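Novice: Sharing a structure here in structure tokens format.
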Amino acid sequence: MIIILLVVFVICLLLRFPIAFSLGISCMAFLIFNGTDLIIMPMKMYSGIDVFVLLSIPGFIIAGNLMNQGGLTSKIIKFCNHLIGHVPGGLALANIGSSMLFAGISGTAISDTASIGSVMIPAMKKEGYDADFACAVTASSSTVGPIIPPSVPMIIAATLSGLSVGKLFLAGALPGLLLGVAMLALTYYIAKKRKYPKYKRSSFKQIFTGFIDTFWSLLMTIIILFGIIGGVFTPTEASIIAVLYAFLVGTFVYKRLNFKKTMAILIDAMKTSASLMVLIGFANLFGYILVSEKVPHEISNMILGFSDNKYVVLLLINLLLILVGTFMETIAALLILFPILLKVALSVDIDPIHFAIIALLNLIIGLTTPPLGVCLFVASGIGKVPLEKVSKANLPYLGISFLVLILITLFPQITLFLPDLFMGD
């Protein structure tokens, strides 16, 4: 019977149905053919979203939109240009630096690509950078966003597994910085080789002024992160504080928000949150069916049938997640596969926090993996460059991402050092 679920799901994906509807239709088809009472659908959907920590997601979405519309993106880009714009390829380096700073606000790779890319890709093309390179830098650097906290996918992973949100946030900090620094180094090398332009060195006053302008935005990330880690408030409470802070800063400090913009942001956030909750609900039903049909057990046996060595198991899981992340949106893939693969990881004594970061990084790298990487599509659309050219220009960055993934996989302390230091038992 499980073949009906999978076949209908794949057919819906090929017909370009949204992931949520693909899950829902395939689950309904399975239940009908299996003779199961359809009352199970709303029951399992509700139980999937009836989780207190999930209330933080709408809050972080609203806060991110408020800060973006409130002028955050442009101020971060301006500050990064002042800081490193005088270095060869300074605008490309500022692109990556902006993604690293913007990461703590947006928490999602696609929003990073769209927000920063809409500003940076045209600017880089105007300054003489190759268009495909500009798109590749923007798409690749956006993968830093969901790794550096706070991160919406991390909240989802914590909900699915019962792991501490605070520990996951801390675990992502060093891998995110490592990925960002590696991309900066690669970009500097390419810029020197191709003789890309650089700006005049900014004065100390310009750098300081830029920092003050950006400080209010970065302070929100600090408040959220250390508030959760210190036990001052829960992730849900943190998201509400982030909304209030973002509204006050955008209205009274940056003076870019008004009633009309705020209402538009709230409506957009409601649409995004609603679609995400529907996805989570259907994914919970999908997961229930998989468990009832013993699919996780079969997958576990299949992987462990190759080897019970944890590094071999991690290699197989990495390959699977990279493949899935190429054609499926991060959160959808996380909802379907994370609980299954976490059990496999635990069976070979892999730390759950370590595994969660590995899984997230895999799926996020998939967003820039040709031929179906979503961030590549977004960047190529903004830059009006054929996807094939962007994919080719992205290959060095993909190589760097895989290198960081390998390091994180082989050396657990890169992810576990900060959680053990600040929140160790």
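The values are calculated or read from the model by the stated rules, or taken from the named source; none is laboratory data. All values reported here derive from a predicted model rather than from experimental measurement. Cβ sites come from the backbone with ideal geometry, for glycine too, and all protein chains shown count toward neighbours. Remember, those area values only see protein heavy atoms, side chains included, never the ligands or the DNA or RNA. Shrake-Rupley method; radii C 1.70, N 1.55, O 1.52, S 1.80 Å.
Novice: From the residues in region 56-68 that are at pLDDT 80 or above and of a type outside the set (Gly, Ala, Ser), which one is surrounded by the most Cβ atoms within 10 Å (Cβ to Cβ)?
Specialist: Ranking the candidates gives Leu66 first.
Novice: Looking at Leu177, Leu218, Leu248, which one is under 23 Å from the mean Cα position of the chain (by Cα), modelled with pLDDT of 85 or more and in a helix (DSSP H, G or I)? Write out each step before concluding.
Specialist: Details: Leu218 fails: modelled with pLDDT of 85 or more; Leu248 fails: under 23 Å from the mean Cα position of the chain (by Cα).
Unique residue meeting the criteria: Leu177.
Novice: Among the listed residues Leu319, Leu346, identify the single one that is surrounded by fewer than 21 Cβ atoms within 10 Å (Cβ to Cβ), closer than 14 Å to Gly162 by Cβ and without any contact (Cβ under 8 Å) to a residue 40 or more places away in the chain.
Specialist: One residue alone meets the criteria, Leu346.
Novice: Before we move on, is Asn301 polar (S, T, N, Q) and surrounded by fewer than 16 Cβ atoms within 10 Å (Cβ to Cβ)?
Specialist: Numbers: polar (S, T, N, Q): yes; surrounded by fewer than 16 Cβ atoms within 10 Å (Cβ to Cβ): yes.
Yes, satisfied.
Novice: Can you tell me how many residues within region 191-236 are open to solvent by 20 Å² or more (accessible area, probe 1.4 Å), within 30 Å of Leu395 (Cβ to Cβ) and of a type outside the set (Phe, Trp, Tyr)?
Specialist: 6
Novice: State which residue is surrounded by the fewest Cβ atoms within 10 Å (Cβ to Cβ) when the search covers only region 116-139 and only residues that are of a type outside the set (A, V, I, L, M) and within 20 Å of the chain's Cα centre (by Cα). I'd like the intermediate steps shown before the answer.
Specialist: At the first step, the residues of region 116-139 found to be of a type outside the set (A, V, I, L, M) are 117-118, 122, 125-130, 132-133, 135, 138.
If we keep only those that are within 20 Å of the chain's Cα centre (by Cα) too, we end up with 117-118, 135, 138.
Working: Gly117: 27, Ser118: 14, Cys135: 34, Thr138: 32.
That would be Ser118.
Novice: Just one of the numbered conditions (1) of a type outside the set (S, T, N, Q); (2) assigned to a helix (DSSP H, G or I); (3) closer than 30 Å to Pro122 by Cβ; (4) open to solvent by 20 Å² or more (accessible area, probe 1.4 Å) is not true of Leu363; which one?
Specialist: Tallying (1) of a type outside the set (S, T, N, Q); (2) assigned to a helix (DSSP H, G or I); (3) closer than 30 Å to Pro122 by Cβ; (4) open to solvent by 20 Å² or more (accessible area, probe 1.4 Å), Leu363 fails exactly one: (4).
Novice: A further question on this structure: Give region 150-167 a look and list any residue that's in a helix (DSSP H, G or I), over 21 Å from Ile110 (Cβ atoms) and open to solvent by 30 Å² or more (accessible area, probe 1.4 Å), or say none. Before you say what the answer is, go through the steps one by one.
Specialist: So the first thing to find is which residues in region 150-167 are in a helix (DSSP H, G or I), and the list is 152-161, 165-167.
Checking the rest, the ones that are also over 21 Å from Ile110 (Cβ atoms) come to 161, 165-167.
Within region 150-167, Ser161, Lys167 meet the criteria.
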